[in-house]
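Report on the structure given below.
The values are calculated or read from the model by the stated rules, or taken from the named source; none is laboratory data. Predicted model only: the values in this text are computed from it and were never measured. So basically every Cβ, Gly included, is an ideal-geometry build from the backbone, and we count neighbours across all protein chains shown. For the accessible areas, the whole protein counts, side chains as well, though only heavy atoms, and no ligand, DNA or RNA atoms are used. Shrake-Rupley method; radii C 1.70, N 1.55, O 1.52, S 1.80 Å.
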2 protein chains.
Amino acid sequence: MQNSEALALTAALLAAAGDLTQRINDGVVARGFEGRPAYGFAFTRLSRGGATVTDLATHLGVTKQAASQLVEELVRKGYVERRPHPGDARARLVVLTERGWGCTRAAEEAAAEVIQEWAELLGGEGEVRVLRDQLTRIAPYGPIRPAW
Amino acid sequence: MQNSEALALTAALLAAAGDLTQRINDGVVARGFEGRPAYGFAFTRLSRGGATVTDLATHLGVTKQAASQLVEELVRKGYVERRPHPGDARARLVVLTERGWGCTRAAEEAAAEVIQEWAELLGGEGEVRVLRDQLTRIAPYGPIRPAW
DNA sequence: CTACATAGTCAAGCAGCTTGACCAAGCTAA
DNA sequence: TTAGCTTGGTCAAGCTGCTTGACTATGTAG
């Protein structure tokens, strides 16, 4: 693989990622929710039984202070609520509210729309599956990172 | 395509993009340059004959003030220099210095390394080419956007 | 020559993150 | 039990990279 090809792949990957993020966010907003992309990553983690602030921080790859601020923002907007943690009085369990679930579904729908469009560009859902499988194989574990 | 599949693709795409960005930057730093990911996008544009601040701003999808600050930073670090623009006394042409070219090559090498690794994960360079072609087809034109 | 558009800078402000200090609650060992 | 350390979370201050707004200098169209 030549360097220039590596750069072409890099540019295409980042362009696709940025475009996808933007359009999912636009779709969420169009469905009546206000948000920023980071919400989606938080929701992904919260949608499986809730999480503590520290869990979220790890998942997002930020400090717990930053995660705490994000949670505060989500509480203010009515997407999540803090509950006492069963079994650890220090911790608080952050869970999605009904509105939070609605926002999550909106994000899913918006994502599905974009990917539907990609399927048309690529010539079929099979091609999308190939893409997803390839990306899954190269995607690392660990915290989510901003693409730049 | 079901919603959950769309989310899986989204997550994998963003994880791959974030990982790639991070590792290219790490590679650049390991080669003795200091930088942040945005530099790479600027260099991509500058490497084709230089650009004005306004060109850069458009390419990066930010205000010209932000682009101007970035250029100032790059000048301070010795990666670019400002020259009078031939044919427009208002404008200044920002061009890469020798050190700037070195940093650009370092980024190319770092990118090639990561993608070499991806080729092994995917089982061959042919698979990488498939990935690149697919991404190229779905990647939009227009300014580069942060992935989140 | 006038009027407007464009390239660039200066200044102020803001969002989202960081580091550092701290408290309350849990854990471990004596 | 208690002493000492770890862990979950918050408060406060500060920084970075962006924004909007105001402005100057140069170009361009009538």
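What is the distance in Å between the Cα centres of the stretch B:1-67 and the stretch B:72-86?
20 Å
Using the Kyte-Doolittle scale, find the helices of chain B whose mean hydropathy is at least 1.6 and whose Cα atoms extend 24 Å or more along the helix's long axis, counting only whole DSSP H runs.
Numbers: long enough: B:3-30 (40 Å, 0.64); B:98-122 (36 Å, -0.29).
Answer set is empty.
Taking amide H atoms as placed 1.01 Å from N in the peptide plane, list the residues 5 or more away in sequence, or in a different chain, whose amide H sits under 5 Å from that of A:Leu93.
Amide H neighbours of A:Leu93, under 5 Å, 5+ apart: A:Arg83, A:His85.
Using +1 at the C-beta of Lys and Arg and -1 at the C-beta of Asp and Glu, which of A:Gln22, B:Phe33, A:Gly78 has the Cα lying farthest in the positive direction of the dipole of the protein assembly as shown?
The Cα lying farthest towards the positive end belongs to A:Gly78.
Quote the FRET efficiency, to the nearest 0.05, computed for B:Arg137 versus A:Ser4 with a Förster distance R0 of 22 Å and r equal to the Cβ-Cβ distance.
0.75
If you roll a 1.4 Å probe over the stretch B:15-138 with all protein chains in place, what percent of the accessible area is carbon or sulfur?
49 percent
Using a basic spin-label model with each label point 7 Å from the Cα along Cα→Cβ, how many nm lie between B:Ala89 and A:Arg129?
Placing both labels 7 Å along Cα→Cβ, they lie 6.6 nm apart.
How big is D, in µm² s⁻¹, for the stretch B:39-110 by Stokes-Einstein at 25 °C and 0.890 mPa s if Rh is the Kirkwood radius over C-alpha pairs?
It diffuses with D of about 203 µm²/s by this estimate.
Along the Cα-to-C-beta direction of A:Thr63, a point sits 7 Å from the Cα; which residues of the stretch A:14-56 have their amide N less than 15 Å from that point?
Only A:54 pass the distance filter.
Check cross-link reach from A:Lys77 to the lysines: straight Cα distance under 16 Å, and skip same-chain residues fewer than eight apart.
The reachable lysines, counting only those whose Cα sits under 16 Å from A:Lys77, number zero.
Roll a 1.4 Å probe over the protein chains and send me the accessible area per residue for the protein assembly as shown in Å². Don't skip to the end; give the middle numbers.
Details: 14460 Å² over 296 residues.
With all protein chains present, the protein assembly as shown gives 49 Å² per residue.
With the label 7 angstrom out along Cα to Cβ, how close does A:Val29 come to the same site in each of the other copies, in nm, nearest first?
3.2
Give the nm distances, rounded to one decimal, from B:Arg76 to the matching residue in every other copy, measuring between label points 7 Å along Cα toward the beta carbon; shortest first.
Sorted ascending, the copy-to-copy spacings read 3.0 nm.
Can you work out the FRET efficiency for the pair A:Arg105 and B:Glu73, with r the C-beta to C-beta distance and R0 = 51 Å, to the nearest 0.05?
0.75
Taking 4 °C and 1.567 mPa s as the conditions, I'd like the Stokes-Einstein D for chain A in µm²/s, using the Kirkwood hydrodynamic radius from alpha carbon pairs.
Using the Kirkwood radius from Cα pairs, D works out to 76 µm²/s.
List the residues, sorted by chain then number, that are 5 or more residues from B:Gly61 or on another chain and whose placed amide H is less than 5 Å from its amide H.
B:Ile144
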